[in-house]
Amino acid sequence: MNHTLSNGLFHKIPAVLAELLIEKEMINQWESLTPIGRNEFICWIEDAKQEKTRIKRVYRTIDDLTNGKKRPCCWPGCIHRTDKAPSKWQQDVLLDKKRHKNVKGRMDT
């Protein structure tokens, strides 16, 4: 059976995620997400710098959906959205790559 899965608002679903959702029979869970929810998972997956991290995030997405989660945990949100301005944290850390002091006063990168 040929399935077409919905994309996010700004990101297209990665083939590996689509294949796994179909294989695990999780199409309904994926389609029950809002377009923004799907977008957040996709952006979170694609944001990983290494392929092995992207694959880990694909499997974590499956686990999160199995557990009823609607967004990836601890993800500040997609910086590619044009329907809202980035938050101050997104602007500083993700876009401008500024360093922030951590709790102990050391500088984090």
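We did not get these values from a lab; they are worked out from the coordinates using the rules stated. Because the structure is a prediction, the values reported are computed rather than measured. With ideal geometry, Cβ positions are generated from the backbone for all residues, glycine too; neighbour counts draw on all protein chains shown.
Things worth noting here:
- Extending 7 Å from Cα along the Cβ direction at Ser6 and again at Ser87 yields two label points whose distance is 2.4 nm.
- Taking 7 Å steps out from each Cα toward its Cβ at Gln50 and Cys73 produces label points 2.1 nm apart.
- The packing ranking, built from the mean of other Cβ atoms within 10 Å per residue, places the peptides 8-14, 36-42 in the order 36-42, 8-14, highest first.
- Prolate/oblate/rounded call for region 22-62, Cα gyration tensor, a/c under 1.5 rounded: oblate
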